[in-house]
Amino acid sequence: MNSSIKKEYDAVIVGAGFSGLYQLYCLRNHLKLNCLVLEKGEGVGGTWYWNRYPGARCDTESHAYTYFFSDEIFKEWEWSERYPGHAEIRKYLNFVSEKFDLKKDISFKSEVIKTTYQENEKKWNIETSINKTISAKFLITAVGCISTANIPNIQGLNKFRGSYFHTGNWPKNDVNFNGKIVGQIGTGSTGIQAVPVIAESAKQLTVFQRTPNYSVPARNKPLTAEFKTYVKENYKKLRKTVRTTPNGHAFIISETLVHDVDEIERLKRYEKAWEKGGLQFRGTFKDIISNQDANKTASEFIKHKIRTIVKNKEYAKILTNFDHPYAGKRPPIDSNYFETYNRDNVHLVDIRSDPIKYIDEYGICTEKNYFNLDMIVFATGYDAMTGSLIKLNVTGENGLKLEDYWKEGPKTYLGIQIPGFPNMFTITGPGSPSVLTNMPTAIEQHVEWVTDCIKYMIDNNYETICTTNKKSDEWGKKVNEAANKTLLPTVKHSWYLGANIPGKPQVFMPYAGGLPVYKEICDKVKESNYKGFILS
Ligand code: N01
């Protein structure tokens, strides 16, 4: 397809994951615009194109981790497990792409390296790794929130003679751990998924943990024919649920407060939620994420479970040495994570009390120990929410560089537009609910809003749309207010704040007010003919 790339488009979309594919469909099929998607990978999938690490699976249940915009897709596609694995998600996105003939407008192996707004022409110039410069009236970033892998700068890594991988850039061919001595750094949602699977084949696995993580069993299982029928028959009801719950999932958060019930009843409810498994554990009570005392009951319940599962008392202590509330960081779910520490071939190192000093040819040296390793797995997270946007090397009006404009943290209006960057839209950008929700739900809301906005511009002969510093300052305050009603900003080492990347400004990035409230705000802006934006 690369040879057939034209010089000019109505819209260029960056990224061929859930958001880029749907944005292409809307602009091309509904608005009849001339569009091109630029994608660095060799296939569709976005984050799921790169995340192929052992155990990589979505934490959202499959009947919610899906597009809802098309009855046809929903009826034709069938998920096989409670949580979709990475390969099945790629299969799904390929199915959608073929269904709507999307690939003909996607240029693969095409990384965007520079984007510059041409003020005179009112167009974006987009430079790519395939030596093509393309111009477009609209630039839509669909780059995902957690796509820029972070390998920590540990002295000596370049000397390591074994192999090492970041989970977010996993090789396409299976990595063979058989008979290998493996070290894994990182115990976030990703690390927790990888540990049990790597432990099954590695000779030895040593996990280097900095911060312990509250995890609840996922209880993944194949879907029964009965459940598949239920999903198909209740498609509209499910769509309504994901679009009206604060986090965009298909489960309802309880209206009961933790202290509305006595301890016996509380434990009964936690126990039931633990047995059911999944992210919905955090919805057992309404105030778990907003009230410290309420949260403590959930945190203590999980700690008790970990201590019951993990037989090695020293490991149990390291795994429960929390200094943050449950769900204050993105809560993981797992399949036998804590149980894996009962295996003879798995070891746990607390790198808070025994920090990593350096890596050399043969392994990892901590302050108190040395670990010989054949392989290192970095499950060390991402330069989240802003990293992938800044990497596009964007220059807006008056030579304004996005990197400079966001020096003190991201500034956006609604997480959709950035002052000084006309006709550029950021799907699930910082300042929008994004990572605090089920991503496909947030993506559909954004894509549809952007499509309506562009349609309005075309219908009314507007050439450009841009927001203002005043609006982004106001919105920044709203993002902070919403965050401060939760416990999330109290966690100082969270990637929601950018605290995982040395030198990154620490600003709470996602909008925590919930998807329905956010959608209402966006809808009002649309109904007011885009008040807060300058159309010209
Ligand atoms: O990354 P993370 P992730 N030295 O940043 C540690 C989504 N996701 O890839 O907590 C030592 O959460 C770090 O330690 P600490 C989900 O939204 C979705 O696991 O900073 N350790 C932590 O333990 C998730 O939240 C699915 O002290 C270092 C780990 O590495 C997001 O992706 C599945 C270190 C990083 O955890 C990111 O998760 C999986 C250092 N220098 C993930 N630097 C779905 O289901 C970092 N760490 C959709």
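Couplings 3J(HN,Hα) of the stretch 56-70, computed from phi: 4, 7, 6, 7, 8, 5, 4, 6, 10, 8, 6, 6, 10, 6, 10 Hz, in residue order, whole Hz [Karplus 6.51 cos²θ - 1.76 cosθ + 1.60, θ = phi - 60°; x for Gly and Pro].
Each stretch of four or more DSSP H residues adds -39500 (n - 2.57); spread over every residue of the chain, this sum gives -9000 deg cm²/dmol at 222 nm.
Per-residue SASA remark: Glu474, around 70 Å² accessible (1.4 Å probe; ligands, DNA and RNA not included).
With an 8 Å cut-off on Cα pairs and a minimum separation of 6 or more residues, tell me the relative contact order of the chain in percent. Can you show the working numbers first?
Details: 1086 pairs, mean separation 102.3, N = 536.
Value for the chain: 19 percent.
For Thr133, project a label point 7 Å along Cα to C-beta. Then give me every residue of the stretch 1-35 with its amide nitrogen under 11 Å of that point. Backbone N within reach: none found. The distance between label points at Glu98 and Lys407 comes to 5.1 nm (points 7 Å beyond Cα on the Cα→Cβ vector).
For the stretch 384-518, the extents of the C-alpha atoms along the principal axes are 47, 35, 25 Å, listed from largest to smallest. Converting phi to 3J(HN,Hα) with the Karplus coefficients 6.51, -1.76 and 1.60 and the offset θ = phi - 60°, the stretch 331-341 yields x, x, 10, 9, 10, 6, 5, 5, 4, 5, 6 Hz in sequence order, with x at every glycine or proline.
Could you work out Rg/(2.2 N^0.38 Å) for the stretch 106-154, with Rg from alpha carbons only?
Working: Rg = 13.8 Å, N = 49, 2.2 N^0.38 = 9.7 Å.
Compared with the compact-globule rule of thumb, the stretch 106-154 sits at 1.43.
Diffusion coefficient (Stokes-Einstein, Kirkwood radius over C-alpha pairs, 20 °C, 1.002 mPa s) for the stretch 157-378: 110 µm²/s, rounded to a whole number. Our Cα-only numbers for the stretch 36-97 put the radius of gyration and Dmax at 11.9, 34 Å.
On average, how much accessible surface per residue is there in the chain, in Å², for a 1.4 Å probe, leaving out ligands, DNA and RNA? Could the numbers behind the result be given before it?
Values: 22930 Å² over 536 residues.
Value for the chain: 43 Å² per residue.
Here, P(r) means the percent of Cα pairs in each 10 Å bin from 0 to the largest distance; for the chain it is 4, 18, 28, 27, 17, 6, 1. Over the stretch 157-378, what is the percentage of antiparallel beta bridges among all DSSP beta bridges, to the nearest 5? Among the beta bridges of the stretch 157-378, antiparallel pairing accounts for roughly 25 percent. Only protein heavy atoms count here; under a 1.4 Å probe, Tyr496 has an accessible surface of about 10 Å². Counting 0.36 nm for each residue step from Glu81 to Tyr235 and taking away their Cα separation leaves a gain of 53.7 nm.
Give me the net charge of Val491's neighbourhood, meaning all other residues with Cβ under 12 Å from the Cβ of Val491; Lys, Arg count +1, Asp, Glu -1.
+2
Taken as Cα centroids, the stretch 337-395 and the stretch 153-167 sit 10 Å apart, rounded to the nearest whole angstrom. Ranking of His63, His30, His446 by solvent-accessible surface, largest first: His30, His63, His446 (1.4 Å probe, protein heavy atoms only, all chains present). The 1.4 Å probe gives accessible areas that order Asp374, Asp354, Asp344, largest first, as Asp344, Asp374, Asp354.
By per-residue mean of other Cβ atoms within 10 Å, what is the highest-first order of 18-25, 147-154, 280-287, 94-101? Walk me through the intermediate numbers first.
Numbers: 18-25: 27.5, 147-154: 17.2, 280-287: 20.8, 94-101: 15.6.
Descending mean neighbour count gives 18-25, 280-287, 147-154, 94-101.
Modelled spin labels at Asn398 and Lys221, positioned 7 Å past Cα toward Cβ, are 6.1 nm from each other. The three principal axes of the C-alpha atoms in the stretch 421-471 carry coordinate ranges of 35, 25, 13 Å, sorted with the longest axis first. Computed on the stretch 157-378, with alpha-carbon pairs under 8 angstrom and 6+ residues apart, the relative contact order is 36 percent.
Calculate what fraction, in whole %, of the accessible area of the chain sits on carbon and sulfur atoms when a 1.4 Å probe is rolled over the protein chains. Could you put the intermediate results ahead of the total?
Working: 10790 of 22930 Å².
Roughly 47 percent, rounded to a whole number.
The values are calculated or read from the model by the stated rules, or taken from the named source; none is laboratory data. Since we're looking at a predicted model, the values are computed, not measured. Because the Cβ atoms are built from the backbone with ideal geometry, glycine has one as well, and the counts that use them run over all protein chains shown. Remember, those area values only see protein heavy atoms, side chains included, never the ligands or the DNA or RNA. Shrake-Rupley method; radii C 1.70, N 1.55, O 1.52, S 1.80 Å.
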